[in-house]
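Chemist: Here it is, the structure, as structure tokens.
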Amino acid sequence: MPPIIAIIGRTNVGKSALFNRLVGQRRTIVEDFPGVTRDRVYSEIGLKGKTAVLVDTGGLVGAENDALIGQVKEQAAQALAEADLLLLLFDGQEGIVALDYEVAEAARRSGKPVLAVVNKMESGRGDVTQFAELGFGLPLAISALHGKGGAALEEALAEMLPEEEEEERAEAPPGAVSVAIVGRPNVGKSALVNALLGQPRMIVSEIPGTTRDTVDTLLRAGEQQYQLVDTPGLRRRGKRSQGVEFYSSLRSIKALQRAEVGVVVFDAGEGLTQQDAAIALEVDTARRPLVMVANKWDLVLERAFGEGVPPPPVPLTGEGEEIPPPPVPLSAQERKVAERLLRKDFETIARSRLRFAAQAPLVFTCALTGERVEEILPLAAKISVQFKRRLDTGKLNRALAEAMDKHNPPTRGGKQLRIYYATQVKAAPPTFVLFVNDPKLMHFSYERYLLNFLRDKFGFDMVPLTLRVRQSTGKEKRR
């Protein structure tokens, strides 16, 4: 797994601004569904040829309010034990304050390597030498807002970064599809894994949070092998602050990084909650394809059709009153039609809350009875093929030429976007680079059009695609 860098510091020192700067883009996703709009907590980044997972502890440590700073001293050493390197951030404009000593002591007690950095040094008038007394040497001076000192910071992080280590887990044989089972606590993840395995290999309990560690299991279904990862329940960011909850959440995130498909399980009886949508967003953040599983669908059917529910008592009637006749049971055909309409309505509501993952298929299951569970693994295998697909460069460029013939590139200020060359730089997830005359001319609507064209043309209908636009160097024009 890639090593983890955690950005730590007291409130308002610019942790999120630095996170955005290192990631290289704004990481705020805006959705209309309440609770989904939020800054992403982690991202995989490249540092001088190395790969790391960057974590903004503003969302994970839970010490962003001065009233909670006491928890930093007590909890940070335990909570940050998952990190391999701590980036300790200070505010150069305010200088050292008492809370900086608290956070510095927590970093020291963690026993992790620490890189001290002083932010908000855009004016160049601040004094970084005062921070040396905290015991981490002379800090680097940067401005996360303006990008000052960014190259030196990346170089320092790369030098301190440990080598990537393999996790102890069941080794997936070549060709096996890796599937991470994620979801909030007590939605039936372990029961679903049991149903997939056909035997009780996981502990199934009604107590939320039974599964504390990720557990890898190999199985074969037909000719295809799978590696299942049953993960701890993910909670909302605000509930990931204390000890074991931090561990559980971060292990789930790490599991997604090495999986090919993320299966998000939610309780159909409760509907798709904002926590479920937020967890789906975590999978999308990791650029992994989604399968949404509406588990406990039997509970929805019980409420809709009265199965397993005793009839209401017949009230006593007075003179002249009639007892209403019992409801007429639906015929088999009527029941089939009603269930289909119920699933359609349910899916419409769910997809309105998952617009960032419109391509994700939705499966209705009951893990306890095994109903429709058999659909999940073949679906994951089909998605895995798309996820790892690599296009021939010639075919890709011919397809883009066809797309441009059907819909001309946009024009801005009298200047038209020109796409000279395209190549696929990565599979899993499929990532494409376009070399153009001016990246600023690429409108988001045209980028979305090109992505949808590639989806339809090459069968990427269930996986996320990434399109990067770069300035042409001149060689692409000749191609």
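The values are calculated or read from the model by the stated rules, or taken from the named source; none is laboratory data. No experiment lies behind these values; they were computed from the predicted model shown. Positions of Cβ are backbone-derived with ideal geometry, glycine not excepted, and every protein chain shown enters the neighbour counts.
Chemist: Would you call residue 199 over 30 Å from residue 104 (Cα atoms), at pLDDT 90 or above and surrounded by fewer than 21 Cβ atoms within 10 Å (Cβ to Cβ)? Working first, answer last.
Modeler: Numbers: over 30 Å from residue 104 (Cα atoms): yes; at pLDDT 90 or above: no; surrounded by fewer than 21 Cβ atoms within 10 Å (Cβ to Cβ): yes.
No; evaluated as a whole, the condition is false for this residue.
Chemist: Additional query: Taking only pairs six or more apart or across chains, which ones have beta-carbon atoms under 8 Å, a first residue in region 399-420 that is without any contact (Cβ under 8 Å) to a residue 24 or more places away in the chain, and a second residue that is exposed (fewer than 11 other Cβ atoms within 10 Å of the Cβ)?
Modeler: Sorted first by the residue in region 399-420, then by its partner, the list stays empty.
Chemist: Cβ-Cβ distance below 8 Å, separation of 6 or more or different chains: which pairs start in region 292-306 with a residue that is outside any strand (DSSP E or B) and end on one that is of a type in the set (Phe, Trp, Tyr) and surrounded by fewer than 21 Cβ atoms within 10 Å (Cβ to Cβ)?
Modeler: From residues that are outside any strand (DSSP E or B), the pairs are 300/346.
Chemist: Given the condition farther than 21 Å from residue 120 by Cα, modelled with pLDDT under 50 and aliphatic (A, V, I, L, M), answer yes or no: does some residue in region 51-58 qualify? Before the answer, list the steps.
Modeler: Within region 51-58, the subset farther than 21 Å from residue 120 by Cα is 51-53.
Filter once more, keeping what is modelled with pLDDT under 50: none.
For region 51-58, residues farther than 21 Å from residue 120 by Cα, modelled with pLDDT under 50 and aliphatic (A, V, I, L, M): absent.
Chemist: For region 105-125, enumerate the residues that are more than 13 Å from residue 6 (Cβ to Cβ) and surrounded by fewer than 20 Cβ atoms within 10 Å (Cβ to Cβ).
Modeler: 105, 108, 109, 111, 122, 123, 124, 125
Chemist: For region 13-39, which positions are modelled with pLDDT of 85 or more and not in a helix (DSSP H, G or I)?
Modeler: Result: 13, 14.
Chemist: Looking at region 306-314, is at least one residue within 30 Å of residue 363 (Cβ to Cβ) and either touching a Pro at 6+ places or on another chain (Cβ under 6 Å) or at pLDDT 60 or above (or both)?
Modeler: Keep residues of region 306-314 that are within 30 Å of residue 363 (Cβ to Cβ), which gives 306-309.
Of the ones still in play, those that are also either touching a Pro at 6+ places or on another chain (Cβ under 6 Å) or at pLDDT 60 or above (or both) are 306.
There is at least one residue in region 306-314 that is within 30 Å of residue 363 (Cβ to Cβ) and either touching a Pro at 6+ places or on another chain (Cβ under 6 Å) or at pLDDT 60 or above (or both).
Chemist: Determine the pairs where a residue that is at pLDDT below 90, located within region 135-160, has a partner that is part of a loop (DSSP other than H, G, I, E, B) and not β-branched (Val, Ile, Thr) with Cβ atoms under 8 Å apart, the partner being 6 or more residues away or on another chain.
Modeler: Filtered contacts from region 135-160: 145/14; 145/120; 145/122; 146/122.
Chemist: Looking at region 337-371, which of its residues are within 19 Å of the chain's Cα centre (by Cα) and either without any contact (Cβ under 8 Å) to a residue 12 or more places away in the chain or outside any helix (DSSP H, G or I) (or both)? Working first, answer last.
Modeler: Taking region 337-371 first, the residues within 19 Å of the chain's Cα centre (by Cα) are 350-362.
Listed by number, the residues that qualify are 351, 353, 354, 358, 359, 360, 361, 362.
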